[in-house]
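What follows is a set of notes on a single structure, which appears directly below.
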Amino acid sequence: VHEAINELQRDLVAGGRRIGLVATSEADLRELMAYYSRTLTYVGKRDSGVRIRQRLEQDSARDGSGLRPGGTRDLNVDYLSAHSTLKEISTTVKRAESPTPWSAPNHLDATVATDVISHGVDVEYFNLMFLERIPEQVANYIQVASRSGRQHVGMVLAILPRYSLRAGSIYDRFPEFHRHLDRMVLPVPVNRFARAAVNRSFPGVLLGSLYGRHLNALKGRKPEHLRWVARGMSAGVGE
């Protein structure tokens with residue numbers, strides 16, 4: 001996919017002619033390709049993400065797929081996982097949201113991420129997406145795949161391993177699987193019918209807030225104070 005993107009970007013007019021956009025101007029093609037010049041890859045495991053990121057970087061350095069007019073540049077790849085800090089996640093999202101030209105040295109070509117991108121990531125430039133595997137829960141699959149095509153037409157390619165019986169079943173019944181996605185979403189424990197949800201969750205929220213406030217107030221003082229607060233909270237919960 002990145003080889004195809006690079007080939008199109010090197011000569012937009014010729015590339016547009018090959019895909020049927022004959023009467024489109026170069027400026028319009030450049031604006032269109034801005035939304036299809038970076039990829040998002042979802043991985044189910046952290047090790048898979050590390051391996052895919054390394055493969056992208058190695059392949060672009062070896063076969064020249066990262067070549068740009070007027071110089072050379074390997075693919076810029078960011079990787080996000082549960083070990084990423086909020087600052088790292090925010091920096092990557094800002095890079096993905098930035099409409100940098102494809103030829104710019106800091107243009108973000110690919111993002112590889114775990115479940116950390118399944119909620120709250122709304123980037124209009126993520127329109128080419130790959131699923132290294134389909135999540136076990138259908139609700140997660142819907143959430144993850146929804147990162148693509150937020151404002152423009154998106155394409156999501158799911159990789160289905162041949163050794164997985166579940167993946168084979170999805171492959172054999174792919175249209176039916178998507179036609180009945182809503183029916184396969186498991187019910188959530190907290191919904192509008194859970195009348196006791198507020199009463200049961202509020203004490204924990206309150207005590208967690210007090211705990212965090214006292215933790216910030218310690219400012220490096222003896223940890224015995226924190227254990228004392230924890231014991232007091234436990235007694236309060238018991239009462």
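The values are calculated or read from the model by the stated rules, or taken from the named source; none is laboratory data. Source: prediction; values computed, not measured. FYI the Cβ positions are ideal-geometry reconstructions off the backbone, even for glycines, and counts take in every protein chain you see. Note: areas computed on protein heavy atoms with side chains; ligands, DNA, RNA excluded. Shrake-Rupley method; radii C 1.70, N 1.55, O 1.52, S 1.80 Å.
What to note about this one:
- A simple rule links phi to the HN-Hα coupling: the Karplus curve 6.51 cos²θ - 1.76 cosθ + 1.60 with θ = phi - 60°, which for segment 148-157 gives 9, x, 5, 10, 10, 4, x, 10, 10, 10 Hz, with x for Gly and Pro.
- Percent carbon-and-sulfur accessible area, segment 1-140, ignoring ligands, DNA and RNA, probe 1.4 Å: 51 percent
- Net length gained if the chain between residue 27 and residue 153 were fully extended (0.36 nm per residue, minus Cα distance): 43.4 nm
- The H on the amide N of residue 40, modeled in the peptide plane, is under 5 Å from the matching H of 111, 128, 129, 130, each at least 5 residues off or on a different chain.
- Total formal charge among the other residues, if their Cβ is under 14 angstrom from that of residue 44, Lys/Arg +1 and Asp/Glu -1: +1
- Residue-count net charge about residue 143 - beta-carbon cut-off 14 Å; Lys, Arg +1, Asp, Glu -1: -2
- Residue 116 paired with residue 167, simple spin-label distance in nm, labels 7 Å along Cα-to-beta-carbon: 2.4 nm
- Efficiency of FRET between residue 11 and residue 180 - r from beta-carbon atoms, R0 35 angstrom, step 0.05: 0.20
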